[in-house]
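Values quoted throughout were computed directly from the atomic coordinates according to the rules given, and no laboratory measurement underlies them. Just so you know, these numbers come straight off a predicted model, no measurement behind them. For neighbour counting, all protein chains shown are included, and Cβ atoms are generated from backbone atoms with ideal geometry for every residue, glycine included.
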Amino acid sequence: MPDFSRITRPKNATAVLLLNNGQYFWGYGIGAQTSKIGEICFNTSMTGYQEVLTDPSYAGQIINFTFPHVGNVGTNDEDLETHKAAAQGLIIREPITNPSNWRSTKHFDEWLKDNNLCGITGIDTRELTQDIRDNGAPNGIIAVNYNGEFDLDALYKQLTEWKGLEGNDLAITVTCPTTYEWTQGLWSRVEGASVKKEITNKHVVAIDYGAKHNILRCLADTGAKVTVVPANTPANDILALKPDGVFLSNGPGDPAATGKYAVPTIQTLIENDIPIFGICLGHQLLALSLGATTRKMHLGHRGANHPVKNHLNGMVEITSQNHGFEVVEDSLPEGVKATHNSLFDGSNEGLMVTGKPIFSVQYHPEASPGPQDSHYLFHKFAEMLK
C-alpha cells in the first residue's frame, strides 16, 4: 500500500483522484460531495456529455473527458439516455462555465448534484489519457470534499477492495424492473421534440441490458411496436409476446458474466428462427450464444468519429462507440461471418449468421455526434421482421 502520510493537500484543493497503481491527483471538486469508485476510461467526444453520463454502458466507470470544455451548454431533460445517471463520475480539464445554450434548463454542476455525481477539474486530462492508452484502464476513486478534508489511506483501501469490471454482471443493475411499451420516435426539428410514430403490425421485443433511449427511438421510428423487457426475462416469456423480431440492447459489464442467463435465452430465440439485431453488449452476447468468445480490451473504444469498414458494401462508416470488451473474431464459428472491423485496431465490429435474419454490430448506430452513417441498420432490421 502506498505511503500517503507525507502527502500534503495543496491549498484550495477540494477533490482528489486516486488510482490503484498509487498515483494521485489533486484538483477542484464539482457536483456532489461524495466519493465514487470505477474504472477510469476516456471519451474523445466534443459533444454529448449529458448523454455519455446517462448511458447505462458506462455503469461502473469514471469518465475522463479529453475535450477541455465540458458543461458550457448546460443540461436539459430531453438529452438523457436513461432516467438517471449511469456513470460513477467524471474528470475534466477546465472548471464548468455558466450555460450558454437556448435548450439549457439547469446548470451542469447543479445537475451533477441532483444525480449524486462527483467530479474533479484542474486535471491534465490529455496526460491521463496517454497514461491509459499506454498502460490500460486503471481503477480509481474520486473524492470531493468542499472543506478540503481527505483520508487518503481510507480511500485507497476502498479502492483496492473493489473487484473491477471483469467478471462483473452490471446489466442486471441497470435493466428495467418490469416490461413496458416504448412509443417515442426520433427528434423532429419541425415539432421541436420527439415524435410518436404510427405503429405498423410489426412487433419488436427489446431485451434491456442497459438500453439507451435513442436506440428505442430508432426502433420505434421504423413504425414497429416496441416492447421492452428486463435483461433476465426467460425465452418462453419473450416468445409468448409473439415478437416479429428481438433486439438485444447495449449495456455495461463483462458479457461473459451477463451471458450466464442471457445466452440460454438468446439460443432459444435463435432456434425459433426469430430475426435478431444486437448492438454493443447485445452484439457480444449474440456472439457468445453462437459459440464465439469475448475478452477485455486494453483500452476499449469510447468516443465519436471511429472509422469502421463495412465489408458487405466496401464503405467506411464514421461511428460512435462505447465498449471495453470485444468479440474475438478468430473464435467465430462456421456459418457466422464478420461484417465490420475497426480501422483503428482491426477489432471485430459486426457479424451476421449465414442464411438467417440475424446480425449485430459493436458500435452505436443510433448515436448522432455528427455523422448518421449507420442509421440504415434499423431499417435493415425492420425489413427482416416476419
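For this structure, a couple of remarks:
- The alpha carbons of the stretch 171-384 stretch over 42, 40, 34 Å along the principal axes, in descending order.
- Taking amide H as placed 1.01 Å from N in the peptide plane, Asn76 has its amide H under 5 Å from the amide H of Thr105, each at least 5 places away in sequence or on another chain.
- Counting other Cβ atoms within 10 Å as a rough exposure proxy, the listed residues His301, His69 run His69, His301 from fewest neighbours to most.
- The stretch 201-301: Rg to Rh, with Rh as the Kirkwood radius over Cα pairs: 0.96
- Sequence-distant contacts, meaning Cα pairs under 8 Å at least 6 residues apart, place the relative contact order of the stretch 15-161 at 36 percent.
- Alpha-carbon Rg with Dmax, taken over the stretch 86-178, Å: 16.3, 45
- Percent of beta bridges antiparallel (DSSP, the stretch 2-119, rounded to nearest 5): 40 percent
- Helices in the chain, meaning DSSP H runs of at least 4 residues, each add -39500 (n - 2.57). Divided by all residues, the mean residue ellipticity at 222 nm is -6500 deg cm²/dmol.
- Exposure proxy order (Cβ contacts within 10 Å, fewest to most) of Phe67, Phe277, Phe150, Phe344: Phe344, Phe67, Phe150, Phe277
- Look at where the Cα atoms of the stretch 92-154 and of the stretch 1-76 average out, and the two centres are 3 Å apart.
- Kirkwood-Stokes translational diffusion coefficient of the stretch 15-161, alpha-carbon pairs, 25 °C, 0.890 mPa s, µm²/s: 162 µm²/s
- Percentage, to the nearest whole number, of Cα pairs in the chain over 29 Å apart: 42 percent
- Springs between Cα atoms under 10 Å define the GNM used for the chain, and in it the highest mean-square fluctuation of Val361, Val16, Val316 occurs at Val316.
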